[in-house]
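Read through the structure below, which is laid out as structure tokens, and then see the notes.
The values are calculated or read from the model by the stated rules, or taken from the named source; none is laboratory data. The structure displayed is predicted, hence computed values, not measured ones. FYI the Cβ positions are ideal-geometry reconstructions off the backbone, even for glycines, and counts take in every protein chain you see.
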Amino acid sequence: MKISQTFTFIIALLLGAYSSLTAYSQDSADGSFHDDLLDHLVGQWEISAVAHGRPPDKGVLAVEWVFNHQFLRIYEKGTGNIPGMNTPFEGMHFIGFDRTHQRYVSHLVCIRGGAADGLSYGSRTGNEIKLVYNMVQGEEVVQRFTWMPESHSWLIGSRSVKAGKEDEPFLEITATSAHPLRSESK
């Protein structure tokens, strides 16, 4: 009797773990990636960004599903010049889901070139996706995409990790819809 109870417990535990991992990232019959949280990010966004304590910069995000709904492409373009570069920030994130390891994956390419671009992996908790980048020279950066449903906006923050602890944010982006929602409930 103990063996069957143990077996039943293990099966229930495995099914629970599997359903919690797949609850956020649903695959469709055609193998495409669907995520109810990332769906909130699709569209055009106006952003205000504070980087390294400098005055806020404005910019835009254009976000859409690409590559047969395998990745969410986030195109970002700032308006103010980056100190020392004499050009505004411009970059793209491609966020997808690594089914083998059951985690989010993000590819970042930007105007700083290959040394500053990166690959990150992450997880979701509620309305937040946390991505961890292992940068050049072993530096780790945590980037969080947080959906705030009450204001229909996003907070995107980046922090360095030192001695296993996250520093204060060096980048905070607030994204508000460039096309406000109609008065329809969802």
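Return the residues of the range 64-81 that are surrounded by fewer than 17 Cβ atoms within 10 Å (Cβ to Cβ) and either of a type in the set (V, I, T) or in contact with a helix residue (DSSP H, G or I) (Cβ under 7 Å, 6 or more places away or on another chain) (or both); say none if nothing qualifies.
Scanning the range 64-81 gives V66, T79.
Give the residues of the range 90-106 that are in a strand (DSSP E or B) and over 10 Å from the mean Cα position of the chain (by Cα), sorted by residue number.
E90, G91, M92, F97, D98, R103
How many residues are out of contact with any helix residue (DSSP H, G or I) (no Cβ under 7 Å at 6 or more places or on another chain) and closer than 25 Å to D36 by Cα if we restrict to the range 82-99?
The number of residues fulfilling the criteria is 8.
Within the range 44-58, can you find the residues that are in a strand (DSSP E or B) and free of Cβ contacts under 8 Å to residues at least 60 places away in the same chain?
D57, K58
Would it be correct to say that R112 is assigned to a strand (DSSP E or B), of a type outside the set (G, A, S), modelled with pLDDT under 95 and over 26 Å from F33 (Cβ atoms)?
So R112 does not fit the description; no.
(1) farther than 22 Å from R54 by Cα; (2) free of Cβ contacts under 8 Å to residues at least 12 places away in the same chain: which one isn't true of N81, the others all being true?
Among (1) farther than 22 Å from R54 by Cα; (2) free of Cβ contacts under 8 Å to residues at least 12 places away in the same chain, N81 violates only (1).
Scan L119, L72, L21, L13 and give me the residue that is in a strand (DSSP E or B) and modelled with pLDDT under 95.
L119
Let's see how each residue does on (1) surrounded by fewer than 15 Cβ atoms within 10 Å (Cβ to Cβ); (2) of a type in the set (D, E); (3) within 17 Å of T174 (Cβ to Cβ):
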| residue | (1), (2), (3) |
| --- | --- |
| P56 | yes, no, yes |
| A62 | no, no, yes |
| E90 | no, yes, no |
| N134 | yes, no, no |
| T146 | no, no, yes |
| E150 | yes, yes, yes |
